Amino acid sequence: MNTTAAVDVRGLRKSYDGTTAVGGIDLEIAHGEVFALLGPNGAGKTTTVEILEGYRKRDSGEVHVLGIDPGDADLRWRARIGIVLQNTGGHDDLSVEEVIRHFALYYPDARDPDEVIAAVGLDGKRDTRVRQLSGGQRRRLDVALGILGRPELLFLDEPTTGFDPEARREFWTLISALSDGGTTILLTTHYLDEAERLADRVGVIAAGDIVALDSPARLGGRERDLATVRWLHDGNPQERTTAEPTRLVTELAAEFDGEIPGLAIDRPTLEDTYLRLIGENT
Ligand SMILES: Nc1ncnc2c1ncn2[C@@H]1O[C@H](COP(=O)(O)OP(=O)(O)OP(=O)(O)O)[C@@H](O)[C@H]1O
């Protein structure tokens, strides 16, 4: 396969004991793109991502990641990718700083450990033993280890599970900075706001198939979705669903001769669209 994409997948299939987990998906991710893979529990996200990472064998299909088949990948290829798995453990008795300095030795061109510790917001915990970290802090350490080797391609499997809202915002800033620096990112998440904030494109996977693939703004034809306009008339709630909310609001403004009482305009959120797509495909 002749490919210039960072990730190129054609007809990928994987079954476990006769049960299909991934049913023949095609996927291309460009260099520098942030791509979010969404889907309900058991949809096949982790199976797909772990095949791309070289951790699981596929049954069939063609897969190239940074131009290499992950099934034949060597250490040089491994050094070009960064991985944050769903569950990692170990290194319990080492401090945060010790773990990061230790893993930095594995990479030919590791980031400065101090910069990485600061970037994931663990400065105050650098001397804390890993076993004494909270769940969210532990997850930050996982992210630190994933970015330590300056990966060209970063896999993030549900990276912000357990993060408090402030930590999630900080993480988003970090991912945006990595993306601005040219890192390609493949993210799985159950947080639709995270996908909307970070991803150039999202793919929705349901029962092992990709059922929608587009930018967050256009997913599932969202940009054509109708808007709901709400306002008050003599104190009574009014509501109209329309493809032309601007026209309706202009008419109402003329009618009220100015401010429209209680005006609100809603469109379906990415989560609404996602739930519709899942409902239609499971
Ligand atoms: N090692 C395994 N052995 C047998 N079946 C498996 C194995 N790993 C995954 N599966 C099955 O394959 C399907 C896809 O699982 P997968 O972990 O890829 O889903 P997921 O989309 O990542 O889900 P989640 O959002 O819960 O992480 C599920 O039905 C799961 O039970």
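Of all residues in the range 108-125, those satisfying the criterion of being over 18 Å from S176 (Cα atoms), surrounded by 16 or more Cβ atoms within 10 Å (Cβ to Cβ) and not hydrophobic (A, V, I, L, M, F, W, C) are P113, K125. All conditions but one from (1) modelled with pLDDT under 95; (2) away from the ligand (no atom under 15 Å from the Cβ); (3) among the acidic types (D, E) apply to E50; the one that does not is (2). Would you call P165 on the phi < 0 side of the Ramachandran plot and crowded, with 16+ Cβ neighbours inside 10 Å? For P165, the condition - on the phi < 0 side of the Ramachandran plot and crowded, with 16+ Cβ neighbours inside 10 Å - is not met. Where residues in the range 113-150 are under 21 Å from K45 (Cα atoms) and out of contact with any helix residue (DSSP H, G or I) (no Cβ under 8 Å at 6 or more places or on another chain), which of them is modelled with the highest pLDDT? Step by step, filter the range 113-150, then rank; the result is G146. Across the range 210-234, the qualifying residues are those that are within 16 Å of the ligand (Cβ to nearest atom) and within 15 Å of G279 (Cβ to Cβ), and the one among them that is surrounded by the most Cβ atoms within 10 Å (Cβ to Cβ) is A212.
Residues that are more than 25 Å from I25 (Cβ to Cβ), touching a Lys or Arg at 6+ places or on another chain (Cβ under 7 Å) and either part of a helix (DSSP H, G or I) or among the β-branched types (V, I, T) (or both) do not occur anywhere in the range 249-267.
Of all the numbered requirements in (1) at pLDDT below 95; (2) not assigned by TED's automatic domain parsing to the domain that holds G182, A110 misses one, and that requirement is (2). Here's a check for you: in the range 55-69, which residue that is within 16 Å of the ligand (Cβ to nearest atom) and crowded, with 20+ Cβ neighbours inside 10 Å is nearest to D200 (Cα to Cα)? It comes out as V63. Going by what's in this entry, would G39 be described as near the ligand (Cβ under 8 Å from one of its atoms), of a type outside the set (K, R) and within 14 Å of A207 (Cα to Cα)? Taking the combined requirement at face value, the residue satisfies it. A single member of R150, R140 is assigned to a loop (DSSP other than H, G, I, E, B), within 26 Å of the chain's Cα centre (by Cα) and basic (K, R), and it is R150.
The values are calculated or read from the model by the stated rules, or taken from the named source; none is laboratory data. Not measured: the values here are computed from a predicted model. Reconstructed Cβ throughout: ideal geometry from the backbone, glycine too, with neighbour counts over all protein chains shown.
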